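Take a look at the structure below.
The values are calculated or read from the model by the stated rules, or taken from the named source; none is laboratory data. Keep in mind that this is a model prediction, so the values were computed, not measured. Please note: Cβ atoms are built from the backbone with ideal geometry, for glycine as well, and neighbour counts cover all protein chains shown.
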Amino acid sequence: MPHRTIHLFRKGLRLHDNPTLLAALESSEVVYPVYILDRKFLMSAMNMGTLRWHFLLQSLEDLQRNLTKLGSCLLVIQGEYELVLRDHIKKWNITQVTLDAEIEPFYKEMERTIQVLGREMGFDVLSFRGHTPVYNTQILDMNGGTPPLTYKRFLHILSVLGDPDMPVRNLTTEDFQRCKPAPELHLAECYRVPLPEDLEIPRDSESPWRGGETEGLQRLEQHLKNQGWIANFTKPKTIPNSLLPSTTGLSPYFSLGCLSVRSFFYRLSNIYAQSKNHSLPPVSLQGQLLWREFFYTVASATPNFTKMAGNPICLQINWYQDAERLHKWRMAQTGFPWIDAIMTQLHQEGWIHHLARHAVACFLTRGDLWISWEEGMKVFEEMLLDADYSINAGNWMWLSASAFFHQYTRIFCPVRFGKRTDPEGQYIRKYLPVLTNFPSKYIYEPWTAPEEAQKQAGCIIGQDYPLPMLNHKEASDHNLQLMKQVREEQYGTAQLTRDDMDDPMEMGLKRERSEENSKKGKHARNREQT
Ligand code: FAD
């Protein structure tokens, strides 16, 4: 008997490579494409800032438009998901609920609740993995029931398993013609995508990034035209302070599932197949997607992955609790223009380059402030358009050297780091207009400018822009000793995620440094400042 189905969108806000929606359409006489806007659930799962609310609403509007083009529609229903489902399952005589399987504990809990509801109310639940192409249960099985804790081991298992399944075909008008919701629903005002005003989300804080599958696909196609760039993509060579993204900038679209990672993976494979040479993981573009899969796999089977306490792979560190310093970092008031410019871009746009994330995360944690990575992760979770449960926590553990990363003697210098790729400080001038008129010589450390130069620049340091909140050299020397001690005391934990492969993002930097060192005839030092 064909089903009467609710297809529940959670992430996966797209019509291309959507295996669950395809299965819903193939097994049903009626399909109701539903998004439940459960604000209480969303806010308890992950703290969403205004930029991401806009991005989500734009993505829903786009999905609505694309479904309408295929003769269907999106029904957005506000309320607590369990109550909404109970209500509509009865109202529409539903016999099946389809939804993408996700790995986050809060989404798993939701799926369990729906399963229980299904048994109680007599409907089937069907779910497929759509957000992560790599089969992490198979990976866990092949690794003796536990997640591989290094990227190298993860890649090894993948090489045995082979490539992920191919993407499924695109949905067509014919798919929807066979089964569609009652026509009166198309016009129902109560099912429309709410406006930001309806949710009291201020309009003045929109990011230049526009949400939705259509925009995501346009950006993706644009990149794919540039086959040489794709084939030679080497992450450490991309520039953190370019004024336009020097990487793909696709992460916000992957994060809500507006784009299929699997489709991108195979499009990359096709380009690699046609290229004489191409870069490889960990630094290639496919390598970037595999980092994503790696963190998803580890997160799916590690208790308390987004916390330090109770997280078996994470070093237990007595971080400082300093609300005032945390606030300065968050509000771009550290007095280090490179750090403050990055935090300003994060506030204004919701996206920053990977190495820029390195810079501010290192500064907050092991580098300068010795504040917990969990605090930084929460700020990123609120501000980033691409905020992601597994990737965010995984990278914060990495940057704070709490797990995965072991070259902890390398500390990013908040003055020299940005200078290397943007000596004139154009990025700082864009995001911190108060410093625009400083000569390049002082733009990364304006407190060193003579009083006359500050007057000429129209910005007195300590008055119009803060003095640096600390002495980087003293703070980082001190923190390095603390970290050394922690790692000696918790040697066993540190070894769990230890990879003999170097940090991929440091490859380029290391080469530069050794060239510099050999030019100066210096011996390698124990402590390295990037
Ligand atoms: P590209 O370089 O073009 O890579 C393509 C895709 O590969 C990305 O869209 C992303 O899906 C994936 N990817 C790239 N780098 C990584 C990585 N290091 N780990 C996992 N996946 C990766 N990324 C998020 O998507 N969400 C987050 O919440 C997030 N938090 C981060 C927090 C910190 C402290 C750091 C250092 C990094 C974080 N990243 C996060 C990873 C990375 O910075 C972004 O994925 C990347 O910068 C997005 O830009 P892009 O799409 O241009 O990446």
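Quick check on MET331: is it more than 16 Å from the chain's Cα centre (by Cα), surrounded by fewer than 23 Cβ atoms within 10 Å (Cβ to Cβ) and touching a residue at least 60 places away in the same chain (Cβ under 8 Å)? Here the answer is no, as MET331 does not meet what is asked.
Between SER251, SER246, SER263, SER269, the distinction of being surrounded by fewer than 19 Cβ atoms within 10 Å (Cβ to Cβ) and in contact with an Asp or Glu (Cβ under 9 Å, 6 or more places away or on another chain) belongs to SER269 only.
Taken together, THR421, THR409 contain a single residue that is within 30 Å of LYS152 (Cβ to Cβ), surrounded by fewer than 22 Cβ atoms within 10 Å (Cβ to Cβ) and within 16 Å of the ligand (Cβ to nearest atom), which is THR421. With respect to GLY118, determine if the residue is of a type outside the set (Phe, Trp, Tyr) and at positive phi. Spelling it out, it is not the case that GLY118 is of a type outside the set (Phe, Trp, Tyr) and at positive phi. Is it fair to say ARG325 is within 13 Å of the ligand (Cβ to nearest atom), at pLDDT 95 or above and in a helix (DSSP H, G or I)? Considered against the rule, which asks whether it is within 13 Å of the ligand (Cβ to nearest atom), at pLDDT 95 or above and in a helix (DSSP H, G or I), ARG325 comes out as no.
Within this structure, ARG169 passes the test of being closer than 30 Å to PRO33 by Cα, exposed (fewer than 15 other Cβ atoms within 10 Å of the Cβ), of a type in the set (Lys, Arg) and touching a helix residue (DSSP H, G or I) at 6+ places or on another chain (Cβ under 8 Å). Note on region 214-227: among residues that are in contact (Cβ under 8 Å) with a residue 40 or more places away in the chain and more than 15 Å from the ligand (Cβ to nearest atom), the one that is surrounded by the fewest Cβ atoms within 10 Å (Cβ to Cβ) is GLN227. In region 73-91, the residue that is surrounded by the fewest Cβ atoms within 10 Å (Cβ to Cβ) out of those that are in contact with a Pro (Cβ under 8 Å, 6 or more places away or on another chain) and closer than 25 Å to THR172 by Cα is VAL76. Regarding SER242, is this residue in a loop (DSSP other than H, G, I, E, B) and more than 10 Å from the ligand (Cβ to nearest atom)? Against the criterion (in a loop (DSSP other than H, G, I, E, B) and more than 10 Å from the ligand (Cβ to nearest atom)), SER242 qualifies. Within region 281-296, does at least one residue satisfy the condition of being more than 12 Å from the ligand (Cβ to nearest atom) and surrounded by fewer than 21 Cβ atoms within 10 Å (Cβ to Cβ)? The answer is no; no qualifying residue exists. Of GLN96, GLN115, which residue is in contact (Cβ under 8 Å) with a residue 40 or more places away in the chain and under 18 Å from HIS3 (Cβ atoms)? Answer to the check: GLN96.
For region 364-395, a tally of residues being closer than 19 Å to TRP338 by Cα and assigned to a helix (DSSP H, G or I) returns 8.
Scanning region 202-213 for residues being within 13 Å of the ligand (Cβ to nearest atom) and more than 17 Å from SER59 (Cβ to Cβ) gives a total of 0.
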